[in-house]
Structures are given as structure tokens and as C-alpha cells.
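Here the structure is laid out as C-alpha cells; the discussion comes afterwards.
The values are calculated or read from the model by the stated rules, or taken from the named source; none is laboratory data. Predicted model only: the values in this text are computed from it and were never measured. Positions of Cβ are generated from backbone atoms using ideal geometry, with glycine treated the same way; all protein chains shown enter the neighbour counts. Surface areas here come from the heavy atoms of the whole protein model, side chains and all, with no ligands, DNA or RNA. Shrake-Rupley method; radii C 1.70, N 1.55, O 1.52, S 1.80 Å.
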Amino acid sequence: MDFKDTPEEAAYRAKVRAWLSANSDALGQPWSVAAAKAWQKRKYDAGYVGITWPTAVGGQARPAMEQIIFNQEEAKHDAPTGLYAIGLGMCIPTVFSHALSPAIVERYVPVAMRGEEVWCQLFSEPSAGSDLAAIRTRAERDGDGWVINGQKVWTSNAHLSDFGIIITRTDPTVPKHKGLTMFIVDLKDPGVEVRPIKQMSGSSDFNEVFFTDVRIPDSHRLGEVGEGWKVSLTTLMHERLAVGGKPSSAPGVQEMIALAKAIDMGEGSALEQRHVRERIARAYIADQGIALTRMRTLSALSSSRTPGPESSISKVVVAQTMQEMGRFAMDLAESAGIVSGGDDVAELTRFQGSYFGAAGLRIAGGTDEILKNIIAERVLGLPGDIRVDKDVPFNQIGRPD
């Protein structure tokens with residue numbers, strides 16, 4: 001692996017740094033939807049949205065490394081990017097890859113790139129999270145359209161979104177991975193109800209979304225009828241690559257060392273305690289492993305190769321390390337470990353946020369258990385799980401539909 005930029009990549013990085021510096025007035029502001037939309041519009045106008053996308057859909061058709069370099073440099077600033085991570089990172093690539101007509105691409109893609117409309121991904125259900133193919137939300141033919149009934153859950157940012165991509169069951173008489181179909185759904189349509197879920201962190205980023213007789217024109221179908229599983233793989237491929245890295249807001253080992261130095265244990269700082277140093281050392285080793293594994297992905301992209309399943313390894317280790325470091329920091333701080341706002345407790349707030357946030361990260365983009373199965377089968381070459389329902393019609397599995 002060569003971790004150095006090529007001359008072309010170094011030139012692009014310098015160009016990105018100069019642009020970010022020239023637009024620093026829009027960074028580091030308190031987060032808001034308005035600030036996120038304004039930042040997205042600036043990036044679009046400067047040609048930094050859809051860097052790798054085809055020019056036919058408004059992209060730049062540039063190498064994947066340029067997108068990665070832009071993301072790396074943008075992450076060094078306090079940029080409000082979270083609002084568009086799912087829409088532009090996963091939904092819109094699925095739309096322009098599987099839309100039935102150019103008119104659908106022209107209607108939705110440029111508007112989303114400019115940040116004027118926000119998207120979410122409607123996949124998980126109460127009985128179908130890790131096993132996505134177990135979904136029960138139905139879409140039934142009705143003339144030249146479809147009628148959707150059912151429930152989705154754990155839908156990030158649905159309460160802020162205008163549109164979503166939804167996977168539905170259109171034929172329960174065939175095995176569960178067949179008979180699925182995906183659509184674009186307008187979240188402002190009658191029959192759509194979004195209910196935010198109050199999380200233990202105090203925020204409400206996830207939602208339940210209910211669909212009651214929601215009508216969708218057939219022109220808003222993505223892919224062929226019954227081919228929704230194949231379409232969803234496009235979304236999941238982008239999702240697992242996106243969530244494989246450590247969030248830029250998560251505290252790292254240096255912050256852990258600073259916290260341990262600041263905590264007085266009566267006989268010196270916490271950092272002087274052997275068990276504290278051992279925990280920090282384990283976190284450092286995990287961090288280095290994550291960084292090197294991510295480098296494998298970057299090396300593959302830099303060489304125009306498709307990354308392998310190593311992003312699954314990163315995602316499992318990142319989430320577990322974030323949660324363990326957050327828990328340990330809160331334990332060290334004892335009664336001050338649970339905090340709420342205020343500049344004087346900023347670092348503890350970050351560790352607490354990392355602890356709570358990691359719980360969601362261990363589910364998003366595939367649970368630990370699902371990803372460990374992928375690692376076992378595709379990295380280690382172990383035998384696959386026994387899937388007794390693989391060839392059984394869906395309406396004969398468990399509760400009949």
C-alpha cells in the first residue's frame with residue numbers, strides 16, 4: 001500500500017483546501033437545517049457534489065479518490081453535512097441507477113444535489129432489520145399505480161425529509177428475497193405519518209413511519225417489479241462503505257489521554273493508573289487497525305478496484321471501540337460522567353454522545369451479527385449460515401400474509 005497522494009491527488013487536495021479556506025465563513029456555525037442547505041448549495045455551485053457521478057446526471061465523473069480527498073478535507077472543518085449523508089450518499093445513486101426514465105432522474109437528482117430536497121431510506125421494519133428480506137410492508141397494484149400499507153422504523157431523519165426510497169413486498173407467494181419492489185415515495189403525501197423516536201441521548205434522529213393507503217405512480221418504481229432486492233444492494237453497497245469509518249465528531253485517543261490527565265484519583269491523575277493506560281493502549285491499537293484497514297479500501301479505490309468486504313471489519317471495530325471508550329470515560333468521571341451541555345463539560349459531552357451514538361451505529365448499515373457473518377463467509381471463507389427459509393414462499397414463513 002502507498003499512503004501518499006499521487007501528484008494529481010496532491011494537486012486536487014490543495015485545490016480543495018483553498019476552496020474550504022475561502023468559504024470558512026460558512027463553517028463552524030451552530031447546526032441547523034438552514035445552515036446545512038446553504039452549505040450544500042455552496043458545494044454544488046463549486047462542483048463538489050456528485051464528484052464521481054456520471055456527467056449525464058449532473059456529476060463530474062471524476063476518480064473515487066477525489067471524492068475521498070474532498071471528504072477528508074471537509075471533515076477537518078465543522079461542516080454541516082449530516083442532513084445529506086443518506087440522501088446523496090445512498091438514495092440518489094440508487095435513483096439514477098434504477099429509475100425507469102430520464103424524466104425521473106431530471107426531476108429529482110439536480111434538486112437533491114443543490115440541497116433543496118432531503119431524502120431518507122425506508123428499509124428497516126419492526127420484524128425486518130437485520131433480515132431485510134423479511135419486510136412486510138405491502139405494495140399492491142391499482143390501475144397505473146400502487147397502494148402502499150405498512151410500517152418502517154429506525155428511519156434516520158425522516159422528520160426532516162421530503163422524499164424517501166422504500167422497499168416493499170409486492171408478491172408474498174415467492175421466496176422472501178424475490179417479490180420485493182422499490183419505489184420513490186413523497187413523505188408529504190396523504191397517508192404518510194412520521195413519528196420521531198425519543199432516544200436515550202435526548203435527541204430524535206430516528207423515526208417510525210406509517211403508510212396507510214399511500215398511492216404511488218408506477219413511474220416512481222425503481223427497477224423491475226420483483227427485483228427490489230437487487231436494487232436494494234445498490235443502496236446497501238453505498239451504505240456500508242459510508243458507515244465503515246469513524247465519525248469525525250467522535251473523540252479519539254488523544255482526547256481520552258487529556259481526560260485521564262485531568263481527572264484526579266487522589267494519588268495522582270487517572271493517567272498514572274496502570275489499568276487506565278492499558279485501556280487507552282487497547283483503544284489506540286484498535287484505532288490504528290481501523291486506520292490501516294481503511295487504507296486498504298482507499299488503495300483499492302485509488303487503483304480503480306472495487307473495495308472488498310474489509311469495510312465490514314472497520315464498521316464492527318469502530319462501533320465497538322466508540323462505545324467502549326465512551327463507557328470508560330464516563331466511568332472515570334464517576335458522578336460527573338453523565339453531563340448535559342455547557343462549554344465546561346464539552347469533552348465529557350462528546351464522550352457521552354459517542355457512547356450513546358455507537359449503539360445506533362452498531363445497528364445502522366447492518367448489525368454486528370450480520371457483518372460478522374459477512375466477514376466469516378467472505379473474508380475467512382467459513383461455511384455460510386444455514387438458511388432454512390431460503391426457497392420457501394414468504395407467505396408460508398411464520399405469520400402468513
Item checked: Global size of the range 6-110 as Cα Rg and Dmax, reported in angstrom -> 14.4, 41
Margin query: Projecting each Cα onto the charge dipole of the chain (Lys/Arg +1, Asp/Glu -1 at the beta carbon, about the Cα centre), which of A14, S203, G384 comes out farthest on the positive side?
Written below: G384
Note to self: Which order do you get for E66, E116, E227 if you rank them by accessible area with a 1.4 Å probe, largest at the top?
What the structure shows: E116, E227, E66
Margin query: Among A329, N23, A36, whose Cα projects farthest towards the positive end of the dipole of the chain, with charges put on the beta-carbon of Lys, Arg (+1) and Asp, Glu (-1)?
Written below: N23
Checklist line | Highest to lowest packing among 43-49, 152-158, scored as the average C-beta count within 10 Å | finding: 152-158, 43-49
Notebook entry, point to check: Using only helices, what value at 222 nm comes out for the chain when you add -39,500 (n - 2.57) per DSSP H run of length 4 or more and divide by the total residues, to the nearest 500 deg cm²/dmol?
Noted result: -13000 deg cm²/dmol
Check: So what is the relative contact order for the chain, in percent, with contacts set as C-alpha pairs under 8 Å and at least six apart?
Finding: 14 percent
Next item on the list: Would you mind getting the accessible area per residue of the chain, heavy atoms of the protein chains only, 1.4 Å probe, in Å²?
Entry: 50 Å²
Check: Within the chain, what percent of beta bridges assigned by DSSP are antiparallel, to the nearest 5?
Finding: 85 percent
Checklist line | Of K4/K372; K230/K390; K76/K198; K198/K372, those spanning more than 22 Å from alpha-carbon to alpha-carbon | finding: K4/K372; K76/K198; K198/K372
Note to self: Please state the shape class of the range 180-299: rounded when a/c is under 1.5, otherwise prolate if a/b exceeds b/c and oblate if not, all from the C-alpha gyration tensor.
What the structure shows: oblate
Check: Counting Lys and Arg as +1 and Asp and Glu as -1, each charge on the Cβ, what is the dipole of the chain about the Cα centre in debye, to the nearest 20?
Finding: 600 debye
Next item on the list: Keeping every protein chain in place, order D171, D218, D25 by accessible area at 1.4 Å, biggest value first, i.e. largest first.
Entry: D25, D171, D218
Check: Please state the relative contact order of the range 103-151 as a whole percent: Cα pairs under 8 Å, 6+ residues apart?
Finding: 20 percent
Check: By its C-alpha gyration tensor, with a ≥ b ≥ c as the square roots of the eigenvalues, how is the range 105-260 shaped: rounded for a/c under 1.5, else prolate for a/b larger than b/c, else oblate?
Finding: prolate
Check: Once the whole set of protein chains is in place, how much accessible area is left on L187, using a 1.4 Å probe, in Å² to the nearest 10?
Finding: 20 Å²
Next item on the list: Name the helices (complete DSSP H segments) of the chain with a Cα length along the long axis of 30 Å or more and a Kyte-Doolittle mean of at least -0.5, or state none.
Entry: 274-302, 310-332
